[in-house]
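The values are calculated or read from the model by the stated rules, or taken from the named source; none is laboratory data. Note that this is a predicted model, so its numbers are computed, not measured. In this analysis, Cβ positions are derived from the backbone assuming ideal geometry, glycine residues included, and neighbour counts consider all displayed protein chains. Ligands, DNA and RNA are excluded from the accessible area calculation, which covers all protein heavy atoms including side chains. Shrake-Rupley method; radii C 1.70, N 1.55, O 1.52, S 1.80 Å.
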Amino acid sequence: MTATKPHSTLHSFKKLALTTAIAGMLGMPAPLFAAKNEIHYQSVESVYGETVIVADQSPGGNARYACALEDGTCKKLKSKEKVKSKIRGSTDYLTSSQGAYGVSEQSSSRNGRTSTLFTIYDISGNTPKSVGTVSVMGAVAKKTFSPDEKTFVAITDDRTVTSYDIPKTKRRSIMTLQADLPFFNVSYKGAYISAYNYADKAHRIWNTKTGERVELAGTPSSVEFSESEREAAFLVNNDGFRNLSVASGFESGSVKISSVASGSFLVEDYSYIGETLYYVSNKESPLSWNIYRSGAAAPLITDASYGEYLKRVGGKLAYAKIEGKNSNIYLYEAGADKHTRLDAAPASAAASGIVRRKTAIADRTAALLSPLKTGSKNKSENKRDLFVWLHGGP
């Protein structure tokens, strides 16, 4: 996903060369007794048409792969190899979610007032082509494309929201009631923008055509919209647990709220593919993270990683799955009920010779991973490296 999600993820790796003890936490794979090239953590970096760029991080070194959306085959990219076409001699520009469009910006200042001209390019071919321009007054605070890639949105520090319909070359502007827009997101077709308001402890949704606003009481997180824009999913606090609710009817002003996942567990991430809502939760056990579909009790995917966001990639659901010492990226195609692994890293079996015990640390559920004793009288043979696996890697 392009939006900020409920949690923050650590994507950097730190090797710890400590000995004699081993610990692991929070249901992530345990990289114990592992060589540095055995541990791989993957994430979706970007998408360009039928190609998914996967970032692979490992204590043995980082790499990037170009993977085919159709069958998951991957090719390792050369160091610092650029996949995007250059715009005005640079590849440092914002792109839409599936890589169809890119935007360059040129800012100028006059009488203390900043203005920015955005030029939108079609980058789906070999040579970028300009398809429209839109100018805004004021310092740009946020900018993004709608997930369907047909709308560009820019927010300035004076609370003006400017949306630009790319196919129709038409712009609209509305005013919001807050300058900062934490957990900012744009609906699938660009009809709505959303953000969280800490003062009211509520999510706000604005209609980009009319400026009308609705509020949904909840906990700080992103509002995710279905592709029809008739539903919006958001997190709520339930006795200290993050649960998932859905709002409908906000386009007509008669908002209805229904619960999707409610109980003594956490929902960590969520995303729509079409009209189906998927979410990551530890319903089964505090240390077991799975992916569920709304309306289904049983998990669709087990051993999911909450260190990578759920993402919409070419109409498929991209997710990370823990397999051995790896966090691998998969694409799920609902119509065919097909899961395809992006083959960017070698398989890496789970470590053996480990005792895993459930415990509590400062009232938080955790797992203590300990090596089995070798029985050797030689103390040097009993030494083991310590890896601490945090939210994004060891």
When residues of the range 203-247 are filtered for being open to solvent by less than 40 Å² (accessible area, probe 1.4 Å), assigned to a strand (DSSP E or B) and out of contact with any Gly (no Cβ under 9 Å at 6 or more places or on another chain), how many remain? 12
Please work out if SER97 is closer than 19 Å to THR144 by Cβ and open to solvent by less than 60 Å² (accessible area, probe 1.4 Å). yes
Give me the pairs, please: first residue somewhere in the range 269-280 and on the phi > 0 side of the Ramachandran plot, second residue anywhere and surrounded by fewer than 24 Cβ atoms within 10 Å (Cβ to Cβ), beta-carbon distance under 8 Å, and either six or more positions apart or on two chains. GLY274/SER226; GLY274/GLU227; GLY274/GLY315; GLY274/ALA334
Looking at (1) surrounded by fewer than 24 Cβ atoms within 10 Å (Cβ to Cβ); (2) in contact with a Phe, Trp or Tyr (Cβ under 7 Å, 6 or more places away or on another chain), which is the only condition LEU310 fails? (1)
Can you name the number of the only condition in (1) small (Gly, Ala, Ser); (2) closer than 30 Å to LYS316 by Cβ; (3) open to solvent by 60 Å² or more (accessible area, probe 1.4 Å) that SER109 fails? (2)
Only residues in the range 334-354 that are over 30 Å from SER294 (Cβ atoms) and touching a residue at least 60 places away in the same chain (Cβ under 8 Å) count as the first member; pair them with residues that are among the basic types (Lys, Arg) and buried (at least 19 other Cβ atoms within 10 Å of the Cβ), Cβ under 9 angstrom, at least 6 apart or cross-chain, and list the lot. SER348/LYS325; ALA350/LYS325; ALA351/LYS325
Might you let me know whether the range 121-129 holds any residue that is open to solvent by 40 Å² or more (accessible area, probe 1.4 Å), assigned to a loop (DSSP other than H, G, I, E, B) and in contact (Cβ under 8 Å) with a residue 60 or more places away in the chain? yes
Name the residue, out of ASP303, ASP343, that is open to solvent by 20 Å² or more (accessible area, probe 1.4 Å) and in contact with a Cys (Cβ under 7 Å, 6 or more places away or on another chain). ASP343
Just to be sure, is THR116 exposed (fewer than 15 other Cβ atoms within 10 Å of the Cβ) and modelled with pLDDT of 95 or more? no
Is it the case that GLY295 is modelled with pLDDT under 95 and either at positive phi or among the polar types (S, T, N, Q) (or both)? yes
From the list LYS75, LYS82, which residue is open to solvent by 50 Å² or more (accessible area, probe 1.4 Å), in a loop (DSSP other than H, G, I, E, B) and either free of Cβ contacts under 8 Å to residues at least 24 places away in the same chain or at positive phi (or both)? LYS82
Selection within the range 362-374 - β-branched (Val, Ile, Thr) and touching a residue at least 24 places away in the same chain (Cβ under 8 Å): THR365
Out of SER281, SER348, SER305, report the one residue that is closer than 30 Å to ASP239 by Cβ, at pLDDT below 95 and among the hydroxyl-bearing types (Ser, Thr, Tyr). SER305
List pairs: first in the range 130-147 and at pLDDT 95 or above and crowded, with 17+ Cβ neighbours inside 10 Å, second among the basic types (Lys, Arg) and outside any strand (DSSP E or B), Cβ under 9 Å, 6+ apart or cross-chain? SER146/LYS189; PRO147/LYS189
If you go through SER173, SER194, the only one that is small (Gly, Ala, Ser) and closer than 22 Å to GLY274 by Cβ is SER194
